[in-house]
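Heads up, the thing below is written out as structure tokens.
What follows is calculated from the coordinates using simple rules that are stated; it is not laboratory data. These numbers were taken from a predicted model, which means no experiment stands behind them. Neighbour counts are summed over all protein chains in view; Cβ atoms, including those assigned to glycine, are modelled from backbone coordinates with ideal geometry.
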Amino acid sequence: MRENMKKLFIAAIMSLSLISTSTFAEIKMGIILGFTGPIESLTPAMRDSAKLAFQEASDSGSLLGGEKITVIEGDSTCVDSAAATTAAEGLVAQGVAAIMGADCSGVTGAIATNVAVPNGVVMISPSATSPGLTTLDDKGLFFRTAPSDARGGQILADITKDRGIKSVAITYTNNDYGKGLADVYAAAVKAHGIKVTTSAAHEDGKADYSSEVGTLASAGGDAVAVIGYLDQGGKGIIQGSLDSGAFDTFILSDGMIGDSLTDAFGKSLNKSFGSLPGSTGKGAGVFAKVAGKAGIDPSGPYTGESYDAAALIVLAMQAGGSADRDSIAKNVMAVANGPGKKIYPGELKKALDLLAKGKAIDYEGATGVVFTDVGEHVGNFLEKEIKGGKFKTKKQR
């Protein structure tokens, strides 16, 4: 009798264990960003914004009947494709359902081609902007909440014209992002009748950029367009230009916009301006409140895009009723573009509940998400200027 009771007790415990496991299942999500490298000052806020969305969905109790998300991070380095690929392989080996990232265009393309696509893993990048990624053979697995530089370069050229610049020297970081954006920008400013005095690449990681600045100064121009990274060569170009008096007006690409730049140079940059993807719409205001409550600076570059990338992953999961990789891939476009109930930051529980009932949603998010047919954000841009040694938003473009 006692032996039978013991067996029944063990069976009951095992049954409860199985119930607990299925009720509180763990879904692994990857975040891969350049925590070291030329944009390392930007990525913590991007990471935290993505984690905010994952946490919101996890805490809602509504994700696939109450499942929880565990985040696994990897370092893309932004510039080392081999290291980024290895990091991504590590995430996939640990069983992530999808990846939020990567950030810089070169490593993003490498991870997609070498790791994500072969393994059927959805990637949603918040900040990879190279036009070359538009035609990536991604098998429907790569998306980006940032718009392409094909439009970004045109916007930056429009702002250059509106600011009365008549001639410009261009320096760009020697990679996919730098070359792609420089080509678009140069063509667009020339179309506006602005003279391009030179367009020259620079390498990141150097201690001194006086030679590069000398070349730019010899060519001349009302300003120098710095298409690069704020914690690397782009910063070095500005330092050398200010030290030598070669230029005092800098036209800044999105990779150059962040507080670490103004912390370094302050009011010396007061004539400078630039642009980056972003919005002043309803979603941006809502995100500012949601992020602020979580202790995240919502004005940081690509923070809203990072929240949106993570949110789209969990909503696609719910729409398909599964954390299966293939199911996520099949449902991203539907939740991004609707038609259905508009969803903003902080409303993921509402969205998850609607999807669980079979109702459609249209995720607007922080950035007014609308995907093209290849899964990249059509995009809005913010015109930025430096006043009093700080970045200020002038208007949405």
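Arrange the following residues from fewest to most other Cβ atoms within 10 Å of their Cβ: S218, S268. Numbers along the way, then the final one.
Working: S218 11, S268 17.
Ordered from fewest to most neighbouring Cβ atoms within 10 Å, S218, S268 come out as S218, S268.
List the residues whose amide H sits under 5 Å from the amide H of E73, counting only those 5 or more places along or on another chain, with H placed 1.01 Å from N in the peptide plane.
Result for E73 returns I31.
Applying 1/(1 + (r/R0)^6) with R0 = 56 Å to the Cβ-Cβ distance of K271 and K330, what FRET efficiency is obtained, to the nearest 0.05? Write out the running numbers ahead of the final one.
On the way: r = 49 Å, r/R0 = 0.88.
E(calc), rounded to 0.05, equals 0.70.
Considering only T372, L382, G320, whose Cα is most displaced toward the positive end of the charge dipole of region 319-397, charges sitting on Cβ of Lys, Arg (+1) and Asp, Glu (-1)?
Checking the options against the dipole of region 319-397, the answer is L382.
Would you work out the charge dipole size for region 125-175 about its Cα centre, treating the Cβ of every Lys and Arg as +1 and the Cβ of every Asp and Glu as -1, and quote it to the nearest 20 debye? Before the final figure, lay out each step's value.
Numbers: 6 positive and 5 negative charges, 35 e Å.
The dipole of region 125-175 has a size of about 160 debye.
Take the alpha-carbon centre of region 285-316, take the same for region 340-397, and report the distance between them in whole Å.
Spelled out, the Cα-based centre of one part sits 9 Å from the other.
[x] 29, 52, 16, 3, 1; [y] 26, 56, 17, 1; [z] 28, 61, 11, 0: which one is P(r) over Cα pairs in 20 Å bins from 0, in percent as calculated from this entry?
Identified label for the calculated read-out: [x].
Sorted by average packing, counted as other Cβ atoms within 10 angstrom per residue and highest first, what order do 192-199, 275-282, 302-309 take? Display every interim value, and only then the final one.
On the way: 192-199: 15.2, 275-282: 21.1, 302-309: 31.4.
Packing proxy ranking, top to bottom: 302-309, 275-282, 192-199.
Among 144-152, 75-83, how do they line up from the highest to the lowest mean number of other beta-carbon atoms within 10 Å? Don't skip to the answer; put the middle values down first.
Details: 144-152: 25.3, 75-83: 22.1.
The peptides rank, most packed first, as 144-152, 75-83.
Can you tell me which aspartates and glutamates have their Cα less than 12 Å from the Cα of K267? Leave out same-chain residues fewer than eight positions away.
Once the sequence-local aspartates and glutamates are set aside, what remains near K267 is D248, E385.
Would you mind estimating how fast region 62-183 diffuses translationally, via Stokes-Einstein at 37 °C and 0.692 mPa s with the Kirkwood radius over Cα pairs, in µm²/s?
Numbers: Rh = 15.8 Å.
Taking Rh from Cα pairs, D becomes 208 µm²/s.
Starting from the Cα-Cα distance between K139 and T113, subtract it from 0.36 nm times their residue separation and give me the gain in nm to one decimal. Mind dumping the intermediate values first?
Values: separation 26, 0.36 × 26 = 9.36 nm, distance 1.01 nm.
Here the answer is 8.4 nm.
Under 16 Å from a point 7 Å along the Cα-to-Cβ line of A200: which residues of region 235-265 have their amide N that close?
235-248
Filter the cross-link list K166/K289; K330/K390; K68/K342 down to pairs whose alpha-carbon distance in this structure exceeds 31 Å.
K166/K289; K330/K390
Pop out the ³J(HN,Hα) list for region 101-113 in order, Karplus 6.51 cos²θ - 1.76 cosθ + 1.60 with θ = phi - 60°, rounded to Hz; leave Gly and Pro as x.
The phi angles translate into x, 8, 10, 6, 5, x, 5, 5, x, 5, 5, 4, 5 Hz.
Amide H of I296: which non-local residues (sequence gap of 5 or more, or other chain) have their own amide H closer than 5 Å, using H built in the peptide plane?
Result for I296 returns nothing.
Which value in Å is the Kirkwood Rh of region 176-252 over different Cα pairs? Could you put the intermediate results ahead of the total?
Values: mean 1/r = 0.0788 Å⁻¹.
Result for region 176-252, one decimal place: 12.7 Å.
Taking H placed 1.01 Å from N in the peptide plane, check which residues at least 5 places from I361 or on another chain put their amide H under 5 Å from its amide H.
Amide H to amide H, under 5 Å and 5 or more residues apart or across chains, I361 pairs with K341.
Sort out for me the Cα centre separation of region 34-74 from region 141-173, rounded to whole Å.
29
Using θ = phi - 60° and the Karplus relation 6.51 cos²θ - 1.76 cosθ + 1.60, list the HN-Hα couplings for region 69-80 in order, rounded to whole Hz, with x at every Gly or Pro.
10, 10, 8, 10, 9, x, 9, 7, 6, 6, 10, 9
Give me M333, M46 ranked fewest to most by other Cβ atoms within 10 Å of their Cβ, as a rough exposure proxy.
Numbers: M333 15, M46 29.
Least to most surrounded, the residues fall as M333, M46.
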